[in-house]
Amino acid sequence: MTIVALVGPTATGKTALAIALARRWGAEIIGADASQVYRGLDIGTGKATAFELGDVVHHLVDVVAPDELFDAGCYVRLADAAIAGVQGRGRRVILCGGTGLYLRALVKGLCEAPPVDPAVHARLSARLGAGEHGRLHAELARVDPAAAARIHPADGQRLERALGVFETTGRPLTDWQRAHEGAAPRHDVRFFGLAVPRSELRVRIAERTHAMFARGLLNEVRALEAAGFPRTLRSLQAIGYRQAAAALHGELSLEAAVTQTIDATRQYAKRQETWFRAQPDVTWLGPPFAADSLDEALGAIWGSP
């Protein structure tokens, strides 16, 4: 059965629309968000609440602890199992999220770049441990500018992978990924992108950020640290968590933490839009995003609700 995917930049309303469509079409949601997989990261990742979900099932949320390794390979294994389970129950699948790498891996499979040489891995890991994220990102920009454009300097795991592949093979990771683009799709997926005018999206991002801090993002980060999860973890380098931790430790004022979170989220939204706009198979939708406005499109895919 064809899978429907709702994609696009953060703060466009993907989750709310997915929930409404799931109720209308007898579907279950499978997340595609690299931060929502972590337990305890709730407010800052914009997870749907139990009240918002009601009787709708949302898979691939809260599946690992903040200190557990989770990557595209883990995502594909869990998403494959979830899809099989949902479809085995005779229900429809809605993919929902903005992590393009995970969605590409699910549909196209994982890029088969060779493993990084252990000596290279050890050297890059040591440099990351010494806080050389910015320098490593600059090095990546020189040898693989396309990878650098989509990898945030704070994302040590992906920085290490991209630089490690180049230093091991002499060939940019982007080249390996492009060679993999022609792979046959692993799943039949119809992508719908949610597009909000840039000016409106800026307002939405600011409003959501203020709401996150008002709902207790600082307390959420404080509780995570008290539970033994240091802010240096990759999961806690996510936008909002990094700034909230800096405020908790007296490195930023609350006002500065909010402002920096808004700015970082806007930059991330631009990268997401660039990613998804480059995909040729996305049907773009404009607001308002009402579930019944998709009846004709989904009817052509799934038949009747």
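The values are calculated or read from the model by the stated rules, or taken from the named source; none is laboratory data. Bear in mind the structure is a predicted one, so any value in this text is a computation, not a measurement. FYI the Cβ positions are ideal-geometry reconstructions off the backbone, even for glycines, and counts take in every protein chain you see.
Those residues that are crowded, with 17+ Cβ neighbours inside 10 Å and closer than 17 Å to VAL56 by Cα, I need them from segment 80-118; list them, please. If the condition is that a residue be crowded, with 17+ Cβ neighbours inside 10 Å and closer than 17 Å to VAL56 by Cα, then ALA82, ILE83, VAL86, ARG92, VAL93, ILE94, LEU95, CYS96, GLY97 are the ones that fit.
Restricting attention to segment 59-71, the residues that are crowded, with 17+ Cβ neighbours inside 10 Å and closer than 21 Å to LEU224 by Cβ total 5. Checking ARG161 against (1) surrounded by 18 or more Cβ atoms within 10 Å (Cβ to Cβ); (2) within 19 Å of THR274 (Cα to Cα); (3) under 18 Å from the mean Cα position of the chain (by Cα): exactly one of these is not met. Which one? Among (1) surrounded by 18 or more Cβ atoms within 10 Å (Cβ to Cβ); (2) within 19 Å of THR274 (Cα to Cα); (3) under 18 Å from the mean Cα position of the chain (by Cα), the lone unmet condition for ARG161 is (2). Would a scan of segment 283-296 turn up a residue that is in a loop (DSSP other than H, G, I, E, B), modelled with pLDDT under 95 and small (Gly, Ala, Ser)? Yes.
Residue-by-condition table, conditions (1) free of Cβ contacts under 8 Å to residues at least 40 places away in the same chain; (2) within 19 Å of the chain's Cα centre (by Cα):
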{"site": "LEU218", "(1), (2)": "yes, no"}
{"site": "ALA223", "(1), (2)": "no, no"}
{"site": "PRO230", "(1), (2)": "yes, no"}
{"site": "ALA238", "(1), (2)": "no, yes"}
{"site": "ASP263", "(1), (2)": "yes, yes"}
{"site": "ARG271", "(1), (2)": "no, yes"}
{"site": "GLN279", "(1), (2)": "no, yes"}
{"site": "PRO287", "(1), (2)": "no, no"}
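Taken together, PRO185, PRO197, PRO145 contain a single residue that is surrounded by fewer than 21 Cβ atoms within 10 Å (Cβ to Cβ) and within 29 Å of LEU128 (Cβ to Cβ), which is PRO145.
If you take the residues of segment 4-41 that are in contact with a helix residue (DSSP H, G or I) (Cβ under 6 Å, 6 or more places away or on another chain) and surrounded by fewer than 21 Cβ atoms within 10 Å (Cβ to Cβ), which of them is farthest from ALA105 (Cα to Cα)? Per the stated criteria, the residue is ARG24.
Of the listed requirements (1) more than 30 Å from GLY286 (Cα to Cα); (2) surrounded by 20 or more Cβ atoms within 10 Å (Cβ to Cβ), THR209 misses just one: (1). Considering every residue within segment 42-54, establish whether at least one is without any contact (Cβ under 8 Å) to a residue 24 or more places away in the chain, surrounded by fewer than 20 Cβ atoms within 10 Å (Cβ to Cβ) and in a helix (DSSP H, G or I). Checked segment 42-54: at least one residue is without any contact (Cβ under 8 Å) to a residue 24 or more places away in the chain, surrounded by fewer than 20 Cβ atoms within 10 Å (Cβ to Cβ) and in a helix (DSSP H, G or I). All told, ALA34 falls short of being modelled with pLDDT of 95 or more, outside any loop (DSSP other than H, G, I, E, B) and in the same structural domain as GLN237 (by TED's automatic domain parsing). Meeting the requirement of 1 or more residues that are touching a residue at least 60 places away in the same chain (Cβ under 8 Å) and basic (Lys, Arg), the helices (runs of 4 or more DSSP H) wholly within segment 69-136 are 100-108. If you go through segment 216-237 and keep only what is of a type outside the set (Val, Ile, Thr) and either in the same structural domain as ARG161 (by TED's automatic domain parsing) or crowded, with 22+ Cβ neighbours inside 10 Å (or both), you end up with LEU217, LEU224, SER235, LEU236.
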